[in-house]
Each structure stands twice: as structure tokens, then as C-alpha cells.
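Asks: Sharing a structure here in C-alpha cells format.
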Ligand code: NAD
């Protein structure tokens, strides 16, 4: 059944002023249209921002614990609708139902975290250098937040942005990826049902070029929070930089798992399979490189090949399916082109490397789990984000070499090491250049109450998740309260006056 979706502006579901629409299709079955969405314009963005700006004036005055209660209700509604939301998400994004349930759960956890944070949102209180004077800070909202999201976590990523932005007292305009606009629209529906006042939450569907650019360029958007590719991130930084807007960028990754010779190999195997082929490799934190010690190299490669070739591929709505399709034909072509590049670079293809078109899968965009071995540091398949089920295996002999290979990329999001040597584990945590390091766990699996983000080209220094995300969505205000009843001078050398 095809649902017709609209923009949500000023508490009302409205069409685009263009009257044009676009379709969203199921990547597991391209014949199935999941939804029809308004193809919006800069004018729609302008309407949404104008309304959000007005709504901000009263929302910012709602006490933070009250805002938190509304967001807590949003979590409750998501709990009730979890299965329906997960199924919709699998239909529009393709990942398997266990993962989309997890994606919705991440949204629920984020909402409940915000519910609690509403009773804290701490500033600091600190002594003054002068008598009879106190100093403290409070967190103030910024204004209208522009939130631009990718397609690979259609519920979790919008929640990671919308929920803390709202708790902080901002109003928001969301532009979800046009490949997965339905789930984000359901989130807006839920926020509305939970009691967010009219005009505080708005969603405008459409392309990055039209809707995304209009959001960026709008002078009344005070903060942009973007998750997506490094190319688009760089464009966003450029425009926002010129306009002196606050901007938070969560971008690509080229994550690796190191396996030392002393590791529990069965555990390391589970980790790399989940990290490389979970979500069909379409996670910013996906394990796209395996850095493997020479002493266990041949044995471990045999172990992965054996297991990876048994991964059950298919429509993610079937409970037993382990790997769904990639998002669309364009992305499948990108992946296939990287496989071609890998062969040209003389890496050795030992598994996969082709479209997967068995039975019903011929109707969608499936790709085989793919493994290259004997990959050398510096090859393109070792350096560039592929965003698909392709694993590159690189051999090393000494621990320091493994760290060097790990760090020798332009990205720095997630990383992992499997070892039983506690000293090496801690040394790796110290030496690896990444925002996240897992010890004896795969590169994927963030928890919403911890900071999430990366170094180098993975971002611009901000972190989502936990308390860290409130740095993005609040302004710090410093208050000096002098109750001495006389002029007291700070920043003056009082020794001269004595
Ligand atoms: P993308 O950069 O193509 O698109 C992301 C969003 O930006 C979409 O909503 C798109 O419409 C919009 N957009 C495109 N051009 C724009 C422009 N000129 N101005 C404003 N908005 C514009 O990314 P994608 O293909 O949707 O997602 C995959 C990428 O996201 C990968 O690189 C992945 O690593 C990254 N990602 C990063 C994280 C993280 O937290 N670091 C998480 C998930 C995904």
C-alpha cells in the first residue's frame, strides 16, 4: 500500500507549493513504492523557518523538565509503535528487521535520556576572584536548528538530532534523506502526538540541492547539524562558515579491526562478520578493513570465508535473513566499481564481488559479501569509503605496524582491537587516531548516552550522543552576580591600587 506523505509546517500537514512529488521505493523490491513525498522548494523551507522562528519564542520559555516530559512521552509512543516503525524502516531502507528494531530502540533510548537530562542540563558554578560575588553559567537555546540526515539510520540519526535540539529549547526544521523520508515523517507525527507545540517541529522533504541548500543559506537558521558524506559536509562547512553559523558535521569513516595473534579468534570472527556485513556494510562505523597478524593470517581468512559465504541474503522483513540489499542501484554500482578497482590494484578477491540476484533478490539491489585479501596500505580500496559489504584484509607483523596501518587514512571514526594482552589493548586505545575504540568488540554498536563522532575528515570536532550533543545545541551564558554593593574591578591589577 502506497502512503502519500506531506511536509509538516506550523502544526499542519501540507503539500509543497511546487505540487510536485517524488517516490520512495523498497530496495529489496524495486516494484514496491513505499511512499509518495512532496518535492519541496526554497519557498517551503522559508515558510517552515519563518514559522519555526516564531514558535521558538514561546518554546524557549517552557521549563526544561517540561520539555523533557514531552520527549519522554515521545519515547513511550515509540515503544508502542516499535514494530510498525521497524517494518516501515526495513521497507524503505532495506536493513534486516532485527536491525531496524534496534534503530527504533536507539530513538527510544535517546528520548528517555533526554527526559532525564531535562532535570539536569547543568551549567557550572564557580568561585569569583572577588568577595561577595558569585559566577555561574546557564545553557540557552540557539534558535532554529536545521537538521540534515542521511538514509542509513532513518530513525536513530533524526532522533539523535531532533530530541536534544528540542530539549535544549530550539525549534527545528528537518530535511531527511530522500531515500528514507517515511521513517523521519513518522517521528514528526509522534512528536506532534506527544505534545510538542505547533511550529516547533517542522519537516520539509526534497533534494539536498534544493531543500538542503535553502536551509543552509537561510539567515534565520542558527545551527546546522548534518550527518552524511564528507563531500557534502565540506560544502555545508563552507556555506555555514561564511555565514558564521554553528555547524556540526558527522561524516564518513574507513574503520578497521585489528586482530592480534593472541586474540580469541572465534570472538574476533563474530566481530568482523557483524562489523563488515551488518547493515550490508552501510554504516559510517562499518568494519571495512581487517588488519590481521601474519601468524594467524591464513587460518583466520579461511574462518571468515567459511562463515561469510553462509550469510543469508534476502528481504530484511524475513526474520532469518542476515543481510538485506544496498540502498539503490547507484550505490550498488559504486560498490561494484570499487571491486573493479580492487582487482586492478591487484588485491586478491577471495569471496563475492558480484550482484546477488537469486530468486526474489533479482527484484532488488543485492550484493554478495565480498572479501579482498593481500590488500596493501595506500590502495584505494583501503583508503576510500565504499559503503557496502566489502572487506579489505591487510597483513601485519608487529603491533606498531598495525597501529600505523590503522591510522594511515583521512578518516578517524571507529576502530577495534582483539587481543588478550591488556597492555596492548590499552596501548591501542591510546595510540589509535579515532573518535571511538572498541576493545574485543566490533567497530559498530554505539550507545546513545556516550559521545559519538570522529577525528580528521570524519567531522569538525563535535560529538553527538550523551551530554556532548548539548554542546552543539546550546549557547553557554556566563552570569556574574555581584552582591557587594560597590564597584569591584576584575581584570585590574589591584596590587597597584593598594
Ligand atoms: P549524503 O551526504 O549524500 O546526504 C546526506 C544528506 O545531505 C541528505 O539528506 C542529502 O539530501 C543532503 N544533501 C545532499 N547535498 C546537499 C547540499 N548540497 N546541501 C545540503 N544538504 C545536502 O550522505 P548519504 O549518502 O545520505 O549517507 C551516507 C554517508 O553518511 C556516508 O558517507 C556515511 O559515512 C555518512 N554517515 C556518517 C555518520 C556519522 O555519524 N559519522 C552516520 C551515518 C552516515
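Asks: Looking only at segment 166-181, which residues are buried (at least 24 other Cβ atoms within 10 Å of the Cβ) and either without any contact (Cβ under 8 Å) to a residue 12 or more places away in the chain or more than 16 Å from the ligand (Cβ to nearest atom) (or both)?
Replies: 166, 167, 168, 170, 171
Asks: I'd like the residue in segment 200-231 that is in a loop (DSSP other than H, G, I, E, B) and within 7 Å of the ligand (Cβ to nearest atom) and, out of all such residues, is nearest to residue 142 (Cα to Cα).
Replies: Top of the filtered list is 228.
Asks: So if I check each of 240, 234, which one is in contact with a helix residue (DSSP H, G or I) (Cβ under 9 Å, 6 or more places away or on another chain) and assigned to a helix (DSSP H, G or I)?
Replies: Only one candidate passes the filter, namely 240.
Asks: Right, another one. Residue 439 - would you say it is free of Cβ contacts under 8 Å to residues at least 40 places away in the same chain and closer than 30 Å to residue 264 by Cα?
Replies: Here the answer is yes, as residue 439 does meet what is asked.
Asks: Only residues that are in a loop (DSSP other than H, G, I, E, B) and free of Cβ contacts under 8 Å to residues at least 40 places away in the same chain: list them for segment 114-128, please.
Replies: Scanning segment 114-128 gives 120, 122, 124.
Asks: For segment 16-47, enumerate the residues that are touching a helix residue (DSSP H, G or I) at 6+ places or on another chain (Cβ under 9 Å) and more than 30 Å from residue 357 (Cα to Cα).
Replies: Scanning segment 16-47 gives 16, 17, 18, 38, 39, 40, 41, 42, 43, 44, 45, 46.
Asks: Continuing with the same structure: Evaluate segment 249-270: report whether one residue or more is away from the ligand (no atom under 11 Å from the Cβ), in contact with a helix residue (DSSP H, G or I) (Cβ under 7 Å, 6 or more places away or on another chain), closer than 30 Å to residue 309 by Cβ and assigned to a loop (DSSP other than H, G, I, E, B).
Replies: Yes, segment 249-270 contains at least one residue that is away from the ligand (no atom under 11 Å from the Cβ), in contact with a helix residue (DSSP H, G or I) (Cβ under 7 Å, 6 or more places away or on another chain), closer than 30 Å to residue 309 by Cβ and assigned to a loop (DSSP other than H, G, I, E, B).
Asks: For segment 277-301, how many residues are over 30 Å from residue 224 (Cα atoms) and touching a helix residue (DSSP H, G or I) at 6+ places or on another chain (Cβ under 8 Å)?
Replies: So the answer is 9.
Asks: Would you confirm, using the coordinates I've provided, whether residue 468 is surrounded by 11 or more Cβ atoms within 10 Å (Cβ to Cβ) and at pLDDT below 95?
Replies: no
Asks: Evaluate segment 65-78: report whether one residue or more is in the same structural domain as residue 181 (by TED's automatic domain parsing) and over 21 Å from residue 155 (Cα atoms).
Replies: yes
Asks: Another question about this same structure. Please determine whether any residue of segment 182-199 is within 17 Å of residue 145 (Cα to Cα), surrounded by 24 or more Cβ atoms within 10 Å (Cβ to Cβ) and either outside the structural domain of residue 9 (by TED's automatic domain parsing) or within 8 Å of the ligand (Cβ to nearest atom) (or both).
Replies: Checked against the condition, which is being within 17 Å of residue 145 (Cα to Cα), surrounded by 24 or more Cβ atoms within 10 Å (Cβ to Cβ) and either outside the structural domain of residue 9 (by TED's automatic domain parsing) or within 8 Å of the ligand (Cβ to nearest atom) (or both), segment 182-199 yields no hits at all.
Asks: To continue, here is another question. Exactly one of (1) on the phi > 0 side of the Ramachandran plot; (2) part of a strand (DSSP E or B) is unmet by residue 279. Its number?
Replies: Among (1) on the phi > 0 side of the Ramachandran plot; (2) part of a strand (DSSP E or B), residue 279 violates only (2).
Asks: Only one of (1) in contact (Cβ under 8 Å) with a residue 24 or more places away in the chain; (2) away from the ligand (no atom under 16 Å from the Cβ); (3) not assigned by TED's automatic domain parsing to the domain that holds residue 385 is not met by residue 431, so which one is it?
Replies: Unmet for residue 431, out of (1) in contact (Cβ under 8 Å) with a residue 24 or more places away in the chain; (2) away from the ligand (no atom under 16 Å from the Cβ); (3) not assigned by TED's automatic domain parsing to the domain that holds residue 385: (3).
Asks: Is it true that some residue in segment 85-92 is farther than 24 Å from residue 329 by Cβ and either modelled with pLDDT of 95 or more or under 24 Å from the mean Cα position of the chain (by Cα) (or both)?
Replies: Yes, there is a match, as at least one residue in segment 85-92 is farther than 24 Å from residue 329 by Cβ and either modelled with pLDDT of 95 or more or under 24 Å from the mean Cα position of the chain (by Cα) (or both).
Asks: Could you go through segment 236-247 and let me know if any residue there is at pLDDT 95 or above, near the ligand (Cβ under 7 Å from one of its atoms) and either assigned by TED's automatic domain parsing to the domain that holds residue 43 or out of contact with any strand residue (DSSP E or B) (no Cβ under 6 Å at 6 or more places or on another chain) (or both).
Replies: yes
Asks: From the set of residues in segment 1-49 that are assigned to a loop (DSSP other than H, G, I, E, B) and closer than 23 Å to residue 279 by Cα, which is nearest to the chain's Cα centre (by Cα)?
Replies: Only one residue tops the list, namely 27.
The values are calculated or read from the model by the stated rules, or taken from the named source; none is laboratory data. As the structure is a computational prediction, the values presented were derived from the model and not from experiment. Here Cβ is always computed from backbone atoms with ideal geometry, including for glycine, and neighbour counts include all displayed protein chains.
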